[in-house]
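Quick notes on the structure that follows.
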Amino acid sequence: MKGGVPLYALLLMVGLSAAPLITQAQTGPAAEAEAAAQLLEDATRALDEAREARDRVKALTQTVQAYEAGLQAMRVGLRRAAIRQQALEQELAASDTEIAQLLSVLQSMSRTPPPVTLLHPTGPVGTARSGMILADVTPALNEKARALRVKLDDLAVLRALQTSAADRLQNGLNGAQAARTALSQAIADRTDLPHRFTEDPVKTALLIASAESLEGFASGLSQIAVGEDAAPLPEIEARKGTLPLPVQGRLLRRAGEADAAGITRPGILIAAPPRAVVTTPAAATLRYRGPLLDYGTVAILEPQSGILLVLAGMDVVYGEIGQILPMGSPVGLMGGLDPGDDGIVPARLQDAGSDWTETLYIEIRQDNTPVDPALWFRTDKDD
């Protein structure tokens with residue numbers, strides 16, 4: 001220690017004269033964070049291009065998803081970088097004495113003129129012996145110096161990354177918010193979607209008031225439709241087991257598994273990032289959108305006659321009841337961070353994976369009987 005400052009910290013500030021090295025930080029956590037930053041930059045370019053796209057809704061949906069992937073990757077990379085930085089600092093702090101001894105030897109050797117180093121007071125035999133000792137010791141000293149340089153280089157890269165990370169994350173969050181705002185506006189401006197039927201709001205209100213269960217509500221959905229077109233949508237039975245999840249997330253609870261309160265439901269629960277966009281896994285008619293029982297905000301899609309897809313837990317739901325939504329079309333957005341959060345890496349999100357703070361409940365009903373959604377969706381992946 002020197003004046004309360006660890007010796008490795010002084011070395012890091014002064015720097016060691018050596019050629020640049022490819023370090024673990026540059027090929028590990030730091031590289032992951034840099035790759036995530038590139039994803040965010042690509043998403044920013046995609047946002048600019050989406051404003052001129054012919055299908056703005058589709059382009060903006062893909063842009064929002066690109067931002068989601070980039071922000072998630074950036075947070076993961078930063079967590080790993082922070083863990084690596086802490087480990088390096090602990091290693092170097094614990095080696096202060098050894099580092100001081102190493103530098104003392106190296107400095108004394110560098111200050112001694114070469115002719116004097118090669119001579120020994122006892123004569124030629126002593127000189128030969130000292131030369132043999134130096135020949136054995138020097139590689140070990142060089143290796144220790146190289147290892148120290150690698151660790152210091154790692155630490156410098158990680159600290160530089162932490163310094164720039166806040167701005168990159170904030171820019172990414174701003175870009176994602178701009179993309180979501182543009183997406184909402186594009187959806188509001190969209191007039192090209194076909195309607196399969198017109199909603200009767202009075203009958204909808206009566207159905208909501210009288211329904212005591214999701215089964216009862218689903219059985220009465222046909223009553224709220226006026227002038228329904230009987231033309232069926234394409235069959236999706238052939239895609240069973242291959243449908244993508246409606247949101248970027250991971251399986252949190254399977255069908256029939258009890259929650260913390262001991263309640264079981266026939267659907268699955270997906271953990272998702274804040275403000276994640278929810279999309280249709282297949283072309284479907286929007287049968288209902290809005291609050292329902294204790295499910296929160298719900299969207300009920302009908303991808304095929306007799307099959308209903310229930311999505312519950314969103315903060316915002318897009319579309320009009322009766323519209324036919326194309327595959328991959330946005331259905332809504334998940335909830336977000338508290339207004340007081342800075343959106344970077346709030347304390348409650350520090351643990352790995354804990355930034356999947358929102359949950360989307362997915363239920364599939366076939367002929368108004370619940371079936372396991374895992375039979376329809378690819379749930380073997382995290383996202």
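The values are calculated or read from the model by the stated rules, or taken from the named source; none is laboratory data. What you are looking at is a predicted structure, and each value in this text was computed from that prediction instead of being measured. Don't worry about glycine lacking a Cβ; one is built from the backbone with ideal geometry, like all the others, and counts go over all protein chains shown. The accessibility values were calculated without ligands, DNA or RNA, using every heavy atom of the protein model including side chains. Shrake-Rupley method; radii C 1.70, N 1.55, O 1.52, S 1.80 Å.
Quick notes on this one:
- Counting only protein heavy atoms and using a 1.4 Å probe, the accessible area of TYR295 comes to about 40 Å².
- Space enclosed by the convex hull of the alpha-carbon atoms of the stretch 175-225, per residue, Å³: 128
- From most to least packed by mean Cβ count within 10 Å, the peptides 279-287, 296-304 give 279-287, 296-304.
- Per residue, the accessible area of the stretch 156-294 comes to 49 Å², computed with a 1.4 Å probe over protein heavy atoms only.
- The residues packed around THR204, meaning those with a beta-carbon under 13 Å from its beta-carbon, carry a net charge of 0 if Lys and Arg are +1 and Asp and Glu are -1.
- Extension gain, ASP42 back to ARG254 (0.36 nm per residue minus Cα-Cα distance, nm): 72.8 nm
- Computed over the stretch 217-316, the quotient of the alpha carbon radius of gyration and 2.2 N^0.38 Å is 1.16.
- Note on ARG196: accessible area is roughly 20 Å² with a 1.4 Å probe, heavy atoms of protein only.
- Surface/4 estimate of mean projected area, convex hull on alpha-carbon atoms of the stretch 199-239, nm²: 3.9
- Projecting the Cα atoms of ALA261, GLY241, GLN223 onto the charge dipole of the stretch 222-326 (Cβ charges, centred on the Cα centre) puts ALA261 farthest toward the positive pole.
- Packing-based order for 201-214, 238-251, using average beta carbon neighbours within 10 Å, highest first: 238-251, 201-214
- Less than 5 angstrom separates the built amide H of GLN323 from those of ARG196, LEU286, all sequence-distant by 5 or more or on a different chain.
- Each peptide among 305-314, 368-377 gets the average number of other Cβ atoms lying within 10 Å of its residues, and from highest to lowest they stand as 305-314, 368-377.
- A 1.4 Å probe, protein heavy atoms only, puts the accessible area of ASP189 near 90 Å².
- Cα radius of gyration and Dmax for the stretch 41-93 (Å): 17.4, 58
- Once C-alpha pairs closer than 8 Å and six or more residues apart are averaged by separation and normalised to the residue number of the stretch 240-288, the relative contact order reads 42 percent.
- Taking Lys and Arg as +1 and Asp and Glu as -1, the other residues whose beta-carbon sits under 13 Å from that of PRO303 total +2.
- With a cut-off of 11 Å between beta carbons, the residues surrounding PRO266 carry a summed charge of -1, where Lys and Arg count +1 and Asp and Glu -1.
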